[in-house]
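Undergrad: Below: one structure in structure tokens.
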Amino acid sequence: MANLADEYGTDVEIYIKALTTTIHADTPTGAPAHLHDLLEQLGLERHEYPTGGPLYIWHTVPEHLNADEQKRLVTRAIPALLVAGYEVNCTPDVFDKATYRQAVHDIRTRAARPAGQHPAPARSPSRPAPARRAP
């Protein structure tokens, strides 16, 4: 089995498997568990195959999604992988520019508004309180 991430020296290689319509995300042999977990959190499905040596692990986009949804799902995953510090390569036939831009915008918006912090409620305009006089 060919592993494009090993071949190209990247953390994640995203492509359509030859002679199929399946979108694959290859990770290098011995990739950290965190990377596999992150790919699953982003909506990809993990597959494993014992090779007699290291366990061969790859991910695919769920096949129940239509082709456009599959491309959007995998494209939305790219910015999250990059922010996590992984090197990602994606073939142009899978990449959706508008989805990527929206995913980047979403990440930036979340980063600008940390969890647990909520904007203060808008106050209604009021007249200043009159100054108190001492008797």
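Undergrad: So E40 passes all but one of these: (1) over 15 Å from P62 (Cβ atoms); (2) within 15 Å of the chain's Cα centre (by Cα). Which condition number does it fail?
TA: All conditions pass for E40, except number (1).
Undergrad: Right, here's the next one. Checking the structure you have, find out if any residue of the range 46-64 is in a loop (DSSP other than H, G, I, E, B), in contact with a Phe, Trp or Tyr (Cβ under 9 Å, 6 or more places away or on another chain), without any contact (Cβ under 8 Å) to a residue 12 or more places away in the chain and exposed (fewer than 14 other Cβ atoms within 10 Å of the Cβ).
TA: Step one: filter the range 46-64 for residues in a loop (DSSP other than H, G, I, E, B), giving 50-55, 61-64.
Now restrict to residues that are in contact with a Phe, Trp or Tyr (Cβ under 9 Å, 6 or more places away or on another chain): 50, 55.
Narrowing the set further to residues that are without any contact (Cβ under 8 Å) to a residue 12 or more places away in the chain leaves 50, 55.
Now restrict to residues that are exposed (fewer than 14 other Cβ atoms within 10 Å of the Cβ): 50, 55.
Yes, that holds for at least one residue.
Undergrad: Please enumerate the residues belonging to the range 71-83 that are open to solvent by 50 Å² or more (accessible area, probe 1.4 Å) and touching a residue at least 24 places away in the same chain (Cβ under 8 Å).
TA: Matches in the range 71-83: K71, R72, R76, V83.
Undergrad: Consider D68 carefully, then state whether it is farther than 14 Å from L42 by Cβ, modelled with pLDDT of 95 or more and surrounded by 10 or more Cβ atoms within 10 Å (Cβ to Cβ).
TA: yes
The values are calculated or read from the model by the stated rules, or taken from the named source; none is laboratory data. Model, not experiment: these values are computed from the prediction. Positions of Cβ are backbone-derived with ideal geometry, glycine not excepted, and every protein chain shown enters the neighbour counts. SASA here: full protein model, heavy atoms, side chains in, ligands and nucleic acids out. Shrake-Rupley method; radii C 1.70, N 1.55, O 1.52, S 1.80 Å.
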